[in-house]
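Down below is the structure, laid out as structure tokens.
The values are calculated or read from the model by the stated rules, or taken from the named source; none is laboratory data. Owing to the predicted nature of the structure, the values given are computational and were not obtained by experimental measurement. Here the Cβ positions follow ideal geometry from the backbone for every residue, glycine too, while neighbour counts run over all protein chains shown. To get the accessible areas, we keep the full protein, side chains included, count just its heavy atoms, and leave off ligands, DNA and RNA. Shrake-Rupley method; radii C 1.70, N 1.55, O 1.52, S 1.80 Å.
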Amino acid sequence: LGDVKMPSAGRSLAMHRMLCALCFFSFVSCKISQFCFILVVFGQIIYCNIGNPQARDRQPITFFREVLALCDYPALSDTDKTSALFSSDAKARAWQILDLIPGRATSAYSHSQGIKGLCEAIAAEIAARDGFPSDADDIFLTDGK
């Protein structure tokens, strides 16, 4: 700050900004050194982009998106113009799911454990797949938050 005359509040703000900048550059240089270490040891970095696979040029899995769209707006499968956009498997699965949801209200609040019919269907699938009994009361469906 040199010869600049600042009130003490201004000096502390300027010092705070300088410390923040130093911390940021320290963090960046640390990340760069970690990056260089990884390159030296492993030769490459494979980016997975867990939260957004399309950022890694992966094609989206359309089946789940179709089912979700049809569950949220079932009328999409009933019109001539849009019915060709969805696979018959996605339409069948969406109606199967909608039949388990009371009132077919996908945006309504449900029990905190999840929609009972969906929990029961999942328990039945787990039991069929694994060969062990599965209890719907032990299954919790959440949005992950």
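Filtering the range 115-143 to residues that are under 16 Å from Gln96 (Cβ atoms) and either open to solvent by less than 100 Å² (accessible area, probe 1.4 Å) or touching a helix residue (DSSP H, G or I) at 6+ places or on another chain (Cβ under 9 Å) (or both) leaves Ile115, Lys116, Gly117, Leu118, Cys119, Glu120, Ala121, Ile122, Ala123, Ala124, Ala128, Leu141. Going by the conditions given, is Leu98 outside the structural domain of Glu125 (by the TED database), under 22 Å from Thr142 (Cα atoms) and in contact with a Phe, Trp or Tyr (Cβ under 8 Å, 6 or more places away or on another chain)? For Leu98, the condition - outside the structural domain of Glu125 (by the TED database), under 22 Å from Thr142 (Cα atoms) and in contact with a Phe, Trp or Tyr (Cβ under 8 Å, 6 or more places away or on another chain) - is not met. List the number of the failed condition for His111; all other conditions in (1) surrounded by 13 or more Cβ atoms within 10 Å (Cβ to Cβ); (2) of a type outside the set (Ser, Thr, Tyr); (3) part of a loop (DSSP other than H, G, I, E, B) hold. (1) is the only condition that His111 fails. Scanning the range 75-108 for residues that are assigned to a helix (DSSP H, G or I) and open to solvent by less than 90 Å² (accessible area, probe 1.4 Å) yields a count of 14.
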